[in-house]
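Read the structure below first, then the notes.
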Amino acid sequence: MSDLTGGKITVRLAHFGVLAASVFVAGAVYSQAVAPTNSLPDPYTGAPFGKLPEGRTWGSTAGIGIDRDGKSVWVAERCGAFAPPSQMKPGVPFACDGSNLDPILKFDETGKLVKSFGAGLFVLPHGLSVDPEGNIWVTDGLGKDGKGHQVFKFSPEGKVLLTLGKPGVAGSGPDEFNAPSAVLVAPNGDIFVADGHGGNTNARIVKFDKTGKFIKTWGKKGSAPGEMDGPHTLAMDSRGRLFLGDRGNNRIQIFDQDGNFIDQWAQFSRPSGVYIDKNDVIYVADSESGSVNKAHGAWKRGIRIGSARDGTVTALIPDPDENATTTSAAEGVTADAQGNIYGAEVGPKRVMKYVKK
């Protein structure tokens, strides 16, 4: 979808009623105008998913992933609290701070809770992914009282196998994070962390080898290709291309695994969550457009489904609350081997499962 010649990248977004978008890397001039992809079929029906033990209620969820078995669902749940990062206040318990609840939850395909762990380790569980070996990776997106700003690798049984970052320390060094939002492990074991959550946090991707040894970092705050504003979610397609949900810039950026910019897509709206399955079907959750964000108000919130191969968008599961004023519908998104879609919701405090009608 892009031509790279002489330092000029012309992004062609056919099929979407798009105005031309031209990007001059040398001059860092970025412009893009894409017609909202709102008029798409919705071939799914949804219902709440996941039953918690008696006496425990759902809090905000954002991180979600499918187990290596292709059917079980892992969820990072914020210990019963409504907890977007913007609600944190100094000196006040927040999300999992001070809680004795397990925030990492595993459900079988029927929604039965079959495993939980992670109590006492997190301030704000944010991004979750499952690596090719079945290990669970979770980011802690805030720091407080010597916890947070870290990435954890767990065995499927809940044993901590690796930690990245300094607990409770926000920084931009090779062994530090500032509000890490997402983590993804490549088939060869290399680790990619989307480090930052907008505002004065970081705006970069950090790459490590499978042992946690720092390799490189790329990105800085901005809107030009390769720059970022709120690197919120990561996914990888069958070609090994890295998809970054650059939420603050209302786009997906695509890189190779060395950080070289390949392309950018705006047709999936403002991406809070991105998941790509083995057939290169891409699922993108938008929880912040429309009534939540007047600057992107022409776009409907919801989950867009399409192709990671050519960028076409084929379906939209719309947010049922058209008048929401804060994060609504899914932030995290994943799909099982049968094509059922799962959305992790911060505002409504739940997980939804969507099946074909």
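The values are calculated or read from the model by the stated rules, or taken from the named source; none is laboratory data. What you are looking at is a predicted structure, and each value in this text was computed from that prediction instead of being measured. FYI the Cβ positions are ideal-geometry reconstructions off the backbone, even for glycines, and counts take in every protein chain you see.
Worth a mention:
- Taken residue by residue, the range 340-353 has at least one member that is of a type in the set (Gly, Ala, Ser) and not in a strand (DSSP E or B).
- Residue under evaluation Asp237, criteria (1) within 17 Å of the chain's Cα centre (by Cα); (2) buried (at least 21 other Cβ atoms within 10 Å of the Cβ), criterion not met: (2)
- Considering Leu19, Leu40, the condition of being at pLDDT 95 or above and farther than 30 Å from Lys106 by Cβ is satisfied by Leu40 alone.
- Meets criteria (part of a loop (DSSP other than H, G, I, E, B), modelled with pLDDT under 95 and not basic (Lys, Arg)) for Ala62: no
- Residue selected from the range 270-326 under the condition in contact (Cβ under 8 Å) with a residue 60 or more places away in the chain and among the basic types (Lys, Arg), by the criterion nearest to His232 (Cα to Cα): Arg304
- Count of residues meeting criterion [loosely packed, with under 15 Cβ neighbours inside 10 Å, β-branched (Val, Ile, Thr) and either touching a residue at least 12 places away in the same chain (Cβ under 8 Å) or in contact with a Gly (Cβ under 9 Å, 6 or more places away or on another chain) (or both)] in the range 109-124: 1
- Some residue of the range 129-147 being of a type in the set (D, E, K, R), closer than 21 Å to Lys207 by Cα and buried (at least 23 other Cβ atoms within 10 Å of the Cβ): yes
Residue-wise test of (1) surrounded by 20 or more Cβ atoms within 10 Å (Cβ to Cβ); (2) of a type in the set (Gly, Ala, Ser); (3) under 16 Å from the mean Cα position of the chain (by Cα); (4) closer than 27 Å to Asp336 by Cβ.
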position	(1), (2), (3), (4)
Gln253	yes, no, yes, yes
Asp256	no, no, no, no
Gln264	yes, no, no, no
Gln267	yes, no, no, yes
Ser272	yes, yes, yes, yes
Asn279	no, no, no, yes
Glu288	yes, no, yes, yes
Lys294	no, no, no, no
Ala298	no, yes, no, no
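- Restricting Val29, Val92, Val73 to those that are closer than 30 Å to Gly141 by Cβ, at pLDDT below 95 and of a type in the set (A, V, I, L, M, F, W, C) reduces the list to Val92.
- Remark: Gly158 matches the filter, which requires a residue to be outside any strand (DSSP E or B), surrounded by 14 or more Cβ atoms within 10 Å (Cβ to Cβ) and not aromatic (Phe, Trp, Tyr).
- Applying the set (1) over 28 Å from Pro318 (Cβ atoms); (2) within 19 Å of the chain's Cα centre (by Cα) to Ser60 leaves exactly one unmet item: (1).
- Cβ pairs under 9 Å, 6+ apart, first in the range 49-62 and of a type in the set (Lys, Arg), second exposed (fewer than 12 other Cβ atoms within 10 Å of the Cβ): Lys51/Thr110; Lys51/Lys112
- Any hit, the range 169-177, residues being closer than 24 Å to Val333 by Cα and surrounded by 23 or more Cβ atoms within 10 Å (Cβ to Cβ): yes
- Restricting the range 76-89 to residues that are among the aliphatic types (A, V, I, L, M) and assigned to a loop (DSSP other than H, G, I, E, B) leaves a set whose member that is modelled with the highest pLDDT is Ala81.
- So Asp195, is it touching a Lys or Arg at 6+ places or on another chain (Cβ under 7 Å) and exposed (fewer than 15 other Cβ atoms within 10 Å of the Cβ): no
- Set Lys106, Lys153: member being within 25 Å of Lys353 (Cβ to Cβ), free of Cβ contacts under 8 Å to residues at least 60 places away in the same chain and either assigned to a strand (DSSP E or B) or in contact with a Lys or Arg (Cβ under 9 Å, 6 or more places away or on another chain) (or both): Lys106
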